[in-house]
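Below is one structure; the comments refer to it alone.
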Amino acid sequence: MKMSRQKKIERFEKKYKKKGGFAKFENMVAELATLEEIGHYFGFSRQNTAGLYKSFFGGGYGAVQIERREKLRKEQYKNFEDLEELQKKLIEKGKYRSARKIGYIMNVKRTCEEKGYDIQILRKRSGALDVFINDYKCTISGTKTQTVYHIPKGHPPSVYFRFAVPLKPTDFCIFIIEKDDTTVFHIIPFEMIQHLTLITLKEKYGHVKGTRGNTSSKYATFRNRWELLAFPKE
């Protein structure tokens, strides 16, 4: 005869009463303890902990583990809003490159707010900033520096802008080109370029009817593609 949930709880309560019984087990789960931590406290293996959890609550421990990881991730950060003050301090210290990077983040933040996107600027304990747009982790970089590869006879030179591709995984890379009074954003899924160390982009692409840009550049299709970030990440 299959033992009822209540009977299992009573049995556990009796066996581990000195250690707090079922109430302690339930409390450790609520506090998002690991299977190892619960097992170590009561004196059984992580496998037994998983089996007991399933018999008490009717499901796997995976959901609790996911919630725990998310809690730990959030604890690494604190919300950071005063980008202008941070940029001012960096300029005062002569860290102009870092100050420019903050300027690019401010530009993206302003654009997202205009579009009604949820954007979070979070600061790690190390001081580094991470940007999340509708829960997508986005790496932001920008440049004004042009690179001329060749000057064809009778045609304007081919001007490109070079960017370093992040080493650490992210969801999207936002590359910003500043030229004269224009700002161009390339919003590219990281999985498309993770095999690269450098990427070259253009401010403008020749138009081909029926396409988003010049078919000679697969990255032309990601020019100002803000809609890729429009729907929250699942």
Just one of the numbered conditions (1) in a loop (DSSP other than H, G, I, E, B); (2) surrounded by 14 or more Cβ atoms within 10 Å (Cβ to Cβ) is not true of Gly60; which one? (2)
Sole residue being without any contact (Cβ under 8 Å) to a residue 60 or more places away in the chain, surrounded by fewer than 16 Cβ atoms within 10 Å (Cβ to Cβ) and not assigned by TED's automatic domain parsing to the domain that holds Asp118, chosen from Lys71, Lys93: Lys71
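Each row is one residue, and each column tells you yes or no for (1) among the polar types (S, T, N, Q); (2) surrounded by 16 or more Cβ atoms within 10 Å (Cβ to Cβ).
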{"position": "Val131", "(1), (2)": "no, yes"}
{"position": "Asn134", "(1), (2)": "yes, yes"}
{"position": "Lys137", "(1), (2)": "no, yes"}
{"position": "Ser141", "(1), (2)": "yes, yes"}
{"position": "Ala164", "(1), (2)": "no, no"}
{"position": "Leu167", "(1), (2)": "no, no"}
{"position": "Phe172", "(1), (2)": "no, yes"}
{"position": "Ile177", "(1), (2)": "no, yes"}
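Rundown of residues vs (1) more than 16 Å from Arg68 (Cβ to Cβ); (2) under 33 Å from the mean Cα position of the chain (by Cα); (3) surrounded by 14 or more Cβ atoms within 10 Å (Cβ to Cβ), yes/no style:
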| site | (1), (2), (3) |
| --- | --- |
| Glu13 | yes, no, yes |
| Lys19 | yes, no, no |
| Asn27 | no, yes, no |
| Leu35 | no, yes, yes |
| Asn48 | yes, no, yes |
Residues that are at positive phi and free of Cβ contacts under 8 Å to residues at least 12 places away in the same chain: does the stretch 16-36 have at least one? yes
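Do we have any residue at all in the stretch 115-130 that's in contact with a Pro (Cβ under 6 Å, 6 or more places away or on another chain) and not in a loop (DSSP other than H, G, I, E, B)? Even if it seems obvious, please write down each step before you answer.
Residues of the stretch 115-130 that are in contact with a Pro (Cβ under 6 Å, 6 or more places away or on another chain), as a first pass: none.
No, there is no match, as no residue in the stretch 115-130 is in contact with a Pro (Cβ under 6 Å, 6 or more places away or on another chain) and not in a loop (DSSP other than H, G, I, E, B).
The values are calculated or read from the model by the stated rules, or taken from the named source; none is laboratory data. Not measured: the values here are computed from a predicted model. Positions of Cβ are backbone-derived with ideal geometry, glycine not excepted, and every protein chain shown enters the neighbour counts.
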